[in-house]
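Asker: The structure under discussion is supplied below as structure tokens; questions concerning it will follow.
Nothing in this text is a laboratory measurement; each read-out follows from the coordinates by a stated rule. Predicted, not measured: the structure shown is a model, and the values here were computed from it. Counting neighbours? That spans all protein chains shown, and the Cβs are built from the backbone with ideal geometry, glycine included.
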Amino acid sequence: MATARSTRRSRFAAAVLAGSALVATGCAGGGTPEGSGSEAPAEENNPVTLTVATSQNEQTPNFYCGVEVLKEELEGADIGFTVELFPASQLGPDADRFPLVQAGDIDIDLQGASALSSTFEPIGVVDAAYAFNDVDHAFEWIDASSEDLFTQFHDATGVRIVDGWFFGDRTFTTKDVEITGPDDLAGVPLRFPNSPQFLANADALGVTNPVSVAVEEVYTALQQGIAVGQENPIVATESSSYFEVLDTIVLNNHQVGIHWIIVSDATYDKMSDEQAALLEETIHNIRPDNRACVDEATEEILDKYREDAAYTVIEQEDIDMEAFISQAEEFFNGYYTGENLEAYQAIRESAG
């Protein structure tokens, strides 16, 4: 029997195939216009093995509606690609993997901006709490306004941000702590990732007692009461089994979670122009279908807990969203300086 996961993956893979096939056909056509009397020689597509790494496990949509689809489409195009997938931080945590991406030892990685900011600080602002109004705003910014920041990132690192896939809105989940506004966060030990940007988010939201433990230690910290809650997209909270020890879901959506798809110049040097074009177009084509997959999975999970009396789901209409948003914006306008402040304000201004 087909599972919901396999059905979604097949459906989204079929949708992506239509767009990717056109690119492959167009690139393969190449040459000069008919009747010109000459044709440029076609560049050879040598065999290329691409290593794809991600911190996400196989139960998250960005794996089964993202990188698995990428593998299927690139290998199915029959222009020399072999794709090897390494989920669940098999090749190390984000910070350890980035130098391997720069060297071309890892060809494609999914990274959050906070992790990337350890190498190029200004990129971290895209992970600021409520920087983006929603995922539509984030995608509009990527397509219309990200070029300057992404070019600076590439110039500093030799790594290109090809696109971003939606990972889910980051929300609070707790053990018996109901949160409807910033004041409810004072003194509550909530786990945040140990990066300057995420800890700044904690401060901006009103968290006075952030708990920084490695992702591998989060479940134990929650189980032992070291932290009484954490923040993550719903799909990540579910795939990590945190709901075994947490019972309250707060849909305050304080951060649009984006996984940035990064590829280094060293990897581009391995590929022909046709292969590089197909890679970029396939990554871009996956984006809307992956988003739909994340949204569908998120709602399925939430509906399960809405129907279970052991859980409490605090809906957005019961949360003082304006208090959260205005407090975060005031905080970051004072927290950032220089080019970081300029990047943050440009994102906020792009919201209209």
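Asker: Taking the stretch 110-150, how much of its Cα-Cα pair set, in percent, is spaced more than 14 angstrom apart?
Answerer: Tail fraction, whole percent: 50.
Asker: Find the centroid of the Cα atoms in the stretch 95-168 and in the stretch 257-330, then give the distance between the two in whole Å.
Answerer: Using only Cα atoms to place each centre, the spacing works out to 13 Å.
Asker: Out of the stretch 176-278, which GluC sites (Glu not before Pro) are coil in DSSP terms and have no more than 14 other C-beta atoms within 10 Å?
Answerer: Numbers: sites: E178, E216, E217, E231, E238, E244, E274; in loops: E178.
Filter output for the stretch 176-278: E178.
Asker: Dividing the alpha-carbon radius of gyration of the stretch 249-293 by 2.2 N^0.38 Å (N being the number of residues), what value is obtained?
Answerer: Rg over 2.2 N^0.38 Å, computed on Cα atoms: 1.62.
Asker: Among DSSP beta bridges lying fully in the chain, give the percent that are antiparallel, nearest 5.
Answerer: Restricted to the chain, the bridges split so that about 55 percent are antiparallel.
Asker: Select from T173, A204, P87 the residue farthest towards the positive end of the dipole of the chain; place +1 on Cβ of Lys and Arg, -1 on Cβ of Asp and Glu, and compute about the Cα centre.
Answerer: Most positive-ward Cα: P87.
Asker: Let me ask something additional. Take the stretch 71-209, drop everything but the C-alpha atoms, weight them equally and run the Debye formula without solvent; then report log10 I(q)/I(0) at 0.15, 0.19 Å⁻¹ to two decimals.
Answerer: Result of the Debye calculation: -0.92, -1.27.
Asker: Next up: Averaging the inverse of every distinct alpha carbon separation and then flipping it gives the Kirkwood radius. What is it for the stretch 299-345, in angstrom units?
Answerer: The answer is 13.5 Å.
Asker: Rank T54, L185, G112 by how far each Cα sits towards the positive end of the charge dipole of the chain (+1 on Lys, Arg Cβ; -1 on Asp, Glu Cβ) and give me just the farthest.
Answerer: Among T54, L185, G112, the one farthest towards the positive end of the dipole of the chain is T54.
Asker: With θ set to phi - 60° and the Karplus curve 6.51 cos²θ - 1.76 cosθ + 1.60, what are the ³J(HN,Hα) couplings of the stretch 75-87 in order, to the nearest whole Hz, using x for Gly and Pro?
Answerer: 5, x, 6, 6, 10, x, 7, 10, 10, 10, 9, 10, x
Asker: Let me ask something else. Given contacts defined as C-alpha pairs under 8 Å and at least six residues apart, what's the relative contact order of the chain, whole-number percent?
Answerer: Values: 613 pairs, mean separation 86.6, N = 352.
In percent, rounded to a whole number, it is 25.
Asker: Using a 10 Å cut-off around each Cβ, can you sort H259, H284 from fewest to most neighbouring Cβ atoms?
Answerer: Lowest to highest Cβ neighbour count: H284, H259.
Asker: Which of Y242, H284, M321 sits closest to the plus end of the dipole of the chain, meaning its Cα is farthest towards the positive end, when Lys and Arg get +1 and Asp and Glu get -1 on the C-beta?
Answerer: Y242
Asker: By a straight-distance test (C-alpha under 19 Å), which aspartates and glutamates pair with K71 as possible cross-link partners, with residues fewer than eight away in the same chain excluded?
Answerer: K71 reaches E58, E84, D105, D107, D109, D163, D273, E274, E280, E281, D289.
Asker: On a 0 to 90 degree scale, rounded to 10, what angle separates helix 94-103 from the longest Cα axis of the chain?
Answerer: 20 degrees
Asker: While we're looking at this one, here's another question. Only Lys, Arg, Asp and Glu count, each charged at its Cβ (+1, +1, -1, -1), so figure out the dipole size of the chain about its Cα centre, rounded to 20 debye.
Answerer: 660 debye
Asker: Give me the lysines in straight-line cross-link reach of K304: C-alpha distance below 18 Å, same-chain residues under 8 apart excluded.
Answerer: Of all the lysines, those that pass the test against K304 - Cα under 18 Å, at least 8 places apart if same chain - are K175.
Asker: Using DSSP to call loops (not H, G, I, E or B), can you name the chymotrypsin sites (Phe, Trp or Tyr not before Pro) in the stretch 300-352 whose Cβ has at most 16 other Cβ atoms within 10 angstrom? Walk me through the intermediate numbers first.
Answerer: Numbers: sites: Y305, Y311, F324, F331, F332, Y335, Y336, Y344; in loops: Y311, Y336.
Hits after loop and neighbour filter: Y311.
Asker: Mind pulling the angle between the C-alpha long axis of helix 273-306 and the longest principal axis of the chain? Nearest 10 degrees, somewhere in 0 to 90.
Answerer: 30 degrees
Asker: Here is a follow-up. Check V211: other-chain or 5+ apart residues with amide H under 5 Å from its amide H, H built from backbone geometry?
Answerer: Those qualifying (amide H under 5 Å, at least 5 residues apart or on another chain) are L190, R191, F192.
Asker: To continue, here is another question. Obtain the nm distance between the two label points defined at A266 and E244 by a simple spin-label model: each point lies 7 Å from its Cα along the Cα-to-C-beta direction.
Answerer: Between A266 and E244, the label points sit 3.7 nm apart.
Asker: Between rounded, prolate and oblate, where does the stretch 217-277 land on the alpha carbon gyration tensor, with a ≥ b ≥ c its root eigenvalues, rounded for a/c under 1.5, else prolate if a/b exceeds b/c?
Answerer: prolate
Asker: Pop the C-beta distance of D320 and N209 into the FRET formula with R0 = 30 Å and round what comes out to the nearest 0.05.
Answerer: That gives a FRET efficiency of 0.90.
Asker: A follow-up question, please. If you take the Cα Rg of the chain and divide it by 2.2 N^0.38 Å, with N the number of residues, what do you get?
Answerer: On the way: Rg = 21.1 Å, N = 352, 2.2 N^0.38 = 20.4 Å.
So the chain has a normalised radius of gyration of 1.03.
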